[in-house]
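Taking it in order: structure first as structure tokens, then the write-up.
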Amino acid sequence: MEWVQILVLGLLLGGVYAMMASGLTLLFGVMRVVNLAHAAFILVAAYVTYVLFENLTLDPMISLVITMPLMFGLGVFLYLTLFPRLEESPRYVEMTVLLTFGLALIVEGMLTFIFTGIFRSVRPEYASTSLFIGDIFMPSSQLYASLISFALLILLWIVLRFTKTGTAIRATMQNRAAAQIVGVNVRKVSAIAFGIGMALAGAAGSLLSFMFPFFPGRHWQWVAFLLALIVLGGMGSIKGAVIGAMLLAVASAFVTDFFGPTWSPITFYLTLFLILMLRPEGLFGAKARL
Amino acid sequence: MALLEVEDVVAGYGAGPDILTGLTLSIEEGTSYCIVGPNGAGKSTLLRTIAGFLKPRRGEVRFNAKRMNGSRPDQMLAAGVCFVPQDASLFPTMTVKENLVMGGYLIEDRSLLQERLEAVYEAFPILKERRGQHAGTLSGGEQQMVTLGRALMIEPKMVMIDEPSLGLAPMIADQIFERIREFASLGITVVLVEQNAAKGLEAVDWGFVLDLGSLEFEGPADGILADPRIRDLYLGKAMARRRDAD
Amino acid sequence: MAVVEQREELVEGAPGRKPGTTARRVTLAISLGLVLFFPVIAYPIFDSYAYVMQLGMLLLMWIALSSSWNILGGFAGYISLGHGLFYAIGGYSAGLALAHWDISPFLFLPVAGLAAMVVGFLAGLITLRTRGPAFIVATIAMLFLGLLIFDNWEFIGASSGLDLPLIDLTWMTDLFGVENPVEFLKVPFYYAMAITAIGAVLLSYRVAHSKFGLGLRAISQDETKAEVAGINTRWYKVWAFALSAFFIGMAGAIYGYSLTHLRPLTFFAIAVAARMVLMAIIGGRGTVAGPILGAILILGVNEVAVRQFGESALNIVFTGLILLAALLFFPEGIVGSLRKAGRLPAFLDWD
């Protein structure tokens, strides 16, 4: 039954990936921003969680309450200061890629400056325990992180589906001009959506902090992972991101089992590469292609 | 007093040239208008400027005697100016009903929203029939009906419609113009832009003739249609230019 | 239409016909003279001669890298963040030739360049199926795939790297009677890099003034129109990709040799790719002088920063901040902005 074990571990990881990617895909869907700094901001939240844990022994799952609003505010601020200037550019999407690339460099440099390049991790008690259901074992940290991720994804779905702001966000995703015509202030909505995306990155950072050791340069690999799974699921589709996350997390778990952990990233890189080349709209017919 | 005044407005896109070159016109409440003129005269640009999608480089747009320069589209809508652009700009994977409800985005009162929805269904029975269907799956004429119905949701003081008959079969276009007349009968000030000058002018009270970004002539719609000079100079030219472009 | 208009403009702007030819000739003579005689001039002036030569070599290297990147990223408008791959191909192919067959990397340079070019050609065939942002992301994926393979390939030393034998300097003593050849260790690297940089700039100039370059510019402005105008956009782009890899491969070979120890991350680090992009953007994408100017400026700022703050992570922060500022305030770079304002001095006008 070893493959069941691998499948379970893959799915648990997939839940966290899905939440990490949902913010990224939301940003693309609403304002066509490919945020290369998404994983760098996840790291910011991870380091905030680390500091809170080291100094106040605050449980990382509780520090979500701090990292999420913090990152929301940072997102709104960054959006309003940086992006309206680019909107006039005829190569808007390309410019946003370069801009967020620059942001990622800044964040990485600042984190390295403050925390140095060594590995850090947050080790609450549950980081070293695990649960057994029959023969299947589940590390507590992954189980908790996965459950919180799903809870947040459901919350995101509720916000998008049933609140006025959520409706405005969905409308802007579908047709920006039409949203403006019916009276949506798209700049405000974009800023809020950017904030929500960043808040999700904040949550992801807090959860990752006790799942994997991290260092500032790590975010490039992560953002490539995240891009792979949202390109697979279809850019701008949150449902697609969840499916993509599950598929790739399970696939990479099997690759790890067969070829060893060093080769597991190849699942993501190859997927990203091949999907972009062969089926840029994603496997499930995205709303928009990159 | 005029409902909307456009005074000496200069506007254009990005770093591009001026499309409107000092345009002045005024619109009275309760009258319906059609703006005609050759391709590139600045008809759509005028509507986009009034709707707040484009900032005037010079001049002033006043609505209800209030200066509106630099207002965002949502602020213009809240003031009572509704814009229906050329491409049926709907939310393709939302249902017809959801699209109409989005039209009432600025309405906070839920019961009022429901009331308006019923009113729109009454005015456009076809929309009630299709309410559960995704807007993206409708025909061109039906999509245009949804955009008109959606405009009605907010009960605007003034509605500006850009090329409502574009790409529609003549019979369907006639139905659309009929709906537009109904807008006027509800007391809503209608401003049309129409490539098919004869059809557009037939549906309204007053006509504006635009060329090269400024107002060349205005007068009662039937008078413009009847005036052979205007036909030759501006409306005929539109036809001639279109042939050239092809 | 746009293509035809631009062609007329370019004919007018052809060298020899427009004003400022003298200024350009003088600039060319001074720059070439400075590059060729710098090791001689610098020797009596600077105490830390080896350091100054190293700096000179790095400047020439970045001029080669950003000018090459500019052929694809500037002229054709396809922004690649994956050109670190070709840098690595050059570095490792020359390193392997030295370590396994004892061939001097200086002799191997053209082969290293060709190897990078062949890989660039293949990479172009594949990645250029995409456009715009998808292309950028595809090149990042390409870079990471390359890093993963290099990191796990035992033959080339995997992630722990490949040691190279030190350069043999006895010929300096034999030929010139130099007593302490280590003092002049960096000079051969400097000249090899000078040849590479001159080659890269020459290529950039030739592309800018050819029908090929005209086609690339048309592609960057409006690819569909360029296609309609009869340009075989696919082959233009693929060749631009291949050409942009050649001198990057050569630069990688020389730089790797000067390090004596090759590690994948030295070449594949995203900061390397970021710098090529940054220099070209700051100086002016799609111009001949822009990447050179950008390289001088960025290395200068970096040098000052290192002196002020030491070799710290703040340098990456500065790189990012400069990129942000450039994108937001003058996306056309120094040369592009000056030209738009009609204030581009003749000695910078090589297009």
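Full extension of the chain segment joining C:Leu36 with C:Ser337 gains 105.3 nm, where the gain is 0.36 nm per residue of separation less the Cα-Cα distance. The long axis of helix A:92-115 is offset from the longest Cα principal axis of chain A by roughly 40 degrees.
Protection proxy ranking of A:270-280, A:164-174, by the mean of other Cβ atoms within 10 Å over each peptide's residues and highest first, is A:164-174, A:270-280.
Pairs of Cα atoms nearer than 8 Å and 6+ residues apart set the relative contact order; for segment C:179-256 it is 36 percent. Among the residues of C:124-136, the average count of other protein chain beta-carbon atoms within 10 Å of the residue beta-carbon is 5.
Taking the dipole about the Cα centre of segment C:138-204, with the C-beta of Lys and Arg at +1 and of Asp and Glu at -1, give me whichever of C:Phe189, C:Leu147, C:Met172 is farthest to the positive side. The residue sitting most towards the positive pole is C:Leu147.
Measuring from centroid to centroid over Cα atoms, what is the spacing of segment C:327-351 and segment C:120-184 in Å? Between the Cα centre of segment C:327-351 and that of segment C:120-184, the gap is 33 Å. Inter-chain neighbour count for C:311-322: the average number of beta-carbon atoms from partner chains within 10 Å of each residue's beta-carbon is 6. From the residues A:Ile133, C:Val118, A:Val44, which one has its Cα farthest along the dipole of the protein assembly as shown in the positive direction, the dipole being from +1 and -1 charges on Cβ of Lys/Arg and Asp/Glu about the Cα centre? Final value for the positive-end residue is C:Val118.
Rounded to the nearest 20, the size of the Cβ-charge dipole of segment C:160-310 about its Cα centre is 740 debye, with Lys and Arg at +1 and Asp and Glu at -1. Taking the longest Cα principal axis of chain B as reference, the axis of helix B:110-123 is set at about 70 degrees.
Its relative contact order, with pairs defined as Cα atoms under 8 Å and 6+ residues apart, puts segment C:89-248 at 33 percent. When you count the other C-beta atoms within 10 angstrom of each residue and take the mean per peptide, C:257-264, C:115-122, C:152-159, C:309-316 line up highest first as C:115-122, C:257-264, C:309-316, C:152-159. Of all aspartates and glutamates in the structure, the ones whose alpha carbon falls short of 14 Å from that of C:Lys186, not counting any fewer than 8 places away in one chain, are C:Asp168. Helix hunt in chain C: which complete DSSP H runs extend at least 24 Å axially by C-alpha with mean Kyte-Doolittle at least 0.5? Qualifying helices: C:21-45, C:49-70, C:84-101, C:105-127, C:132-152, C:186-208, C:233-259, C:289-309. Remark: relative contact order (chain B) = 27 percent; criterion is Cα-Cα distance under 8 angstrom and separation of 6 or more residues. Expressed as a whole number of Å, what is the distance separating the alpha-carbon centroids of segment B:58-134 and segment C:91-111? Each part's Cα centre sits 69 Å from the other's. Across A:Leu64, A:Leu13, A:Leu80, mean-square fluctuation computed from a Gaussian network of chain A (C-alpha pairs under 10 Å connected) peaks at A:Leu80.
Compute the Cα gyration tensor for segment B:87-246, then decide on rounded, prolate or oblate, letting a ≥ b ≥ c be the square roots of its eigenvalues: rounded whenever a/c is under 1.5, prolate when a/b is larger than b/c in the other cases, and oblate in all that remain. Cα axes put segment B:87-246 in the prolate bin. The B:Ser139 and C:Arg307 beta-carbon pair, evaluated with R₀ = 56 Å, returns a calculated FRET efficiency of approximately 0.20. Taken residue by residue and averaged, Cβ atoms of other chains lying within 10 Å of the Cβ of A:165-175 number 4. As a calculated quantity, the FRET efficiency between A:Asp135 and A:Lys239 at R0 = 41 Å, using C-beta atoms, amounts to about 0.80.
When chain A is treated as a Gaussian network with alpha carbon springs shorter than 10 Å, the biggest mean-square fluctuation among A:Phe137, A:Phe53, A:Phe215 belongs to A:Phe137.
Listed by chain and number, the aspartates and glutamates placed with their C-alpha closer than 20 angstrom to that of C:Lys340 are A:Glu88, B:Asp18, C:Glu5, C:Glu8, C:Glu9, C:Glu12, C:Asp222, C:Glu332, C:Asp349, C:Asp351; residues fewer than eight positions away on the same chain are left out.
In the protein assembly as shown, helical runs assigned H by DSSP with n ≥ 4 each contribute -39500 (n - 2.57); averaged across all residues and rounded to the nearest 500, the mean residue ellipticity at 222 nm is -20500 deg cm²/dmol. Ordered by the number of other Cβ atoms lying within 10 Å of each residue's own Cβ, fewest first, C:Ser68, A:Ser128, C:Ser220 fall into the sequence A:Ser128, C:Ser220, C:Ser68.
For chain B, the longest principal axis of the alpha carbon atoms and the long axis of helix B:170-185 meet at an angle near 80°. Comparing Cα centroids, segment A:6-58 and segment C:212-244 end up 39 angstrom apart. For the protein assembly as shown, the share of DSSP beta bridges that are antiparallel, to the nearest 5, is 60%. Averaged over residues, the count of other Cβ atoms within 10 Å places the peptides B:153-162, C:340-349 in the sequence B:153-162, C:340-349, highest first. Amide H contacts of B:Phe83 (H built 1.01 Å from N, in plane; Pro and chain starts excluded): B:Met160 sit under 5 Å, all sequence-distant by 5 or more or on other chains.
Every number here is computed from the coordinates shown, using simple stated rules; none is lab data. The structure displayed is predicted, hence computed values, not measured ones. With ideal geometry, Cβ positions are generated from the backbone for all residues, glycine too; neighbour counts draw on all protein chains shown.
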